[in-house]
Each structure stands twice: as structure tokens, then as C-alpha cells.
Amino acid sequence: MRSAVVIADTTAPADVHGVHGAAGITQWTCLARRAGLDGDWEAVEWARIPAGGISGEHLHTRTREVYVLLAGEGEVTLDGRPHAVRAGDAVLTAVGTRHGLRNTGAGPLEWLVIELPADPAAPDQVGSTVVRDLRRTGPLDPSAVIGGPLRLLRHVELAGGERDFLLADGIEHTAFVIGGNGRAGTAGIRVPLRPGTAFTLPLGTALDLMAGAGGLVYLHAELVPQGGGPR
């Protein structure tokens, strides 16, 4: 188990060519990996495609994915059916299903990806779906739709000077800053928070968040490790 909170950001993304067979370039950053975490996270990632760009349609045989649209607008295809999506929407994709994403807007399309291992021999009973405007409809329990250990997905807005405290006691956390600024503190260390900053809390860690004068906005997800419960 990692003994520290994992901090990452999107300031130096990689250029990836031909994602899932589509032409063009996708910018991509891995924010956290499963190694060292107790929960069934495959990865937490950030991606961006330019206007007209495509992340090709593909079949998920061993993972579930949750997309949260961060900027722009596009069209997601779920098992052959197109759905218009825009910043604030969440897309839940079940194991054994196909999906792809196309940028239909004038600017970049950005999204957060939470990828979770799944048993291909036991496909999800409920199909993939789009959740409109997570800020208004959340908090959301993704496990109620696609199964798996991800139990909370929410949009959080802190006013200037307001605080939040995350404790990884029986659950693990990941979060991504989408607006405002602030700072995070853990074990005597202070980390500035700005859009594009991500933090993941392995079991046994904690993080104190404080919003700056203009407030702080972030996406927050919780995952229950196998066996669950405090350690």
C-alpha cells in the first residue's frame, strides 16, 4: 500500500496517435494507476481531442469505464446508438459493451476516465448510459447502473475559505479539480490546487482541502475495496 496521497496534473500530456483505430491525435495523461492501491482501480486518466477529433469505437471485454465530460461537447456512441454529450455529463460504460467518442464542438473536448476491472465471464446486467449534468443530478452511485466497486461520483463546489476533509478509512478516493483554486494538506505537506490537479488517496491516508478566495470546484469519486471496511 502506498503511504502517501498520489498527486498528479495535466500540465504535460502525451500525444497519442490513432486511439482505438481513429485517425488524429489525442492528448492523454495517467493520473493514477492500480499498483499500490487496495481498490480495483485500473487507472484514472485525463484525455483531450481537438475539434473534429475521434476516440474510436471499441469493445470493452474486461473493464468498466466512467467518463466525466470536463469541457466541450461531443457525441458518444453506446452499442451503436449516438448520444449528444457536453461538459458536466457522465457516461457509464458496462463490461461487454462498445463505445466511442467524437468531438462535435468548435473547441477541444476533455474528459476524465475512471477505469475499473471487471469479470468478462459475468457481463453487467444493466447497459451503458449517459447521466446528464452531474452537478444537478448527483451525487451518483455508479454501481447501481454498471455494478462494480465505484460507489460515489459527485460534483463538489466549495466557497472561498470553505474546507473539506477526505479520509481513506475503508474506502479510497480520487478527485480532479475543474475550477477555482485552493490548497491541499497532508502529513505536513501543502500542495496548491488548480484546474487539472488530481489527487488519489490509498487506504490509510487523509487529505485536508481548503478553497481559495474564488472557491474550488472538483469531481470526487469513492471506491470500496474488495472486503471493504476500515483497516
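The values are calculated or read from the model by the stated rules, or taken from the named source; none is laboratory data. What you are looking at is a predicted structure, and each value in this text was computed from that prediction instead of being measured. Don't worry about glycine lacking a Cβ; one is built from the backbone with ideal geometry, like all the others, and counts go over all protein chains shown. Surface areas here come from the heavy atoms of the whole protein model, side chains and all, with no ligands, DNA or RNA. Shrake-Rupley method; radii C 1.70, N 1.55, O 1.52, S 1.80 Å.
For this structure, a couple of remarks:
- Complete set of residues in the stretch 184-193 that are at pLDDT 95 or above and exposed (fewer than 15 other Cβ atoms within 10 Å of the Cβ): Pro192
- Scanning the stretch 207-225 turns up one or more residues that are in contact with a Gly (Cβ under 8 Å, 6 or more places away or on another chain) and modelled with pLDDT under 90.
- On inspection, Gly229 does not qualify as on the phi > 0 side of the Ramachandran plot, over 13 Å from the mean Cα position of the chain (by Cα), open to solvent by less than 60 Å² (accessible area, probe 1.4 Å) and modelled with pLDDT of 95 or more.
- Residue in the stretch 207-223 that is closer than 18 Å to Ala4 by Cα and either of a type in the set (Asp, Glu) or surrounded by fewer than 17 Cβ atoms within 10 Å (Cβ to Cβ) (or both) present: yes
- Segments classed as strands (runs of 3 or more DSSP E), wholly inside the stretch 86-156, with at least 3 members that are surrounded by fewer than 22 Cβ atoms within 10 Å (Cβ to Cβ) and β-branched (Val, Ile, Thr): 129-131
- Contact map, the stretch 28-51: residues that are within 15 Å of Gly148 (Cβ to Cβ) and at pLDDT 95 or above paired with residues that are aromatic (Phe, Trp, Tyr) and buried (at least 19 other Cβ atoms within 10 Å of the Cβ), Cβ distance under 6 Å, separation 6+ or inter-chain. No pairs are found.
- Test: residue in the stretch 183-192 that is over 26 Å from Glu110 (Cβ atoms) and of a type in the set (A, V, I, L, M, F, W, C): yes
- Of all residues in the stretch 64-93, those satisfying the criterion of being small (Gly, Ala, Ser) and over 15 Å from the mean Cα position of the chain (by Cα) are Gly72, Gly74, Gly80, Ala84.
- Strands (runs of 3 or more DSSP E) wholly inside the stretch 1-64 containing at least 1 residues that are surrounded by 17 or more Cβ atoms within 10 Å (Cβ to Cβ): 6-9, 25-33, 43-49, 54-59
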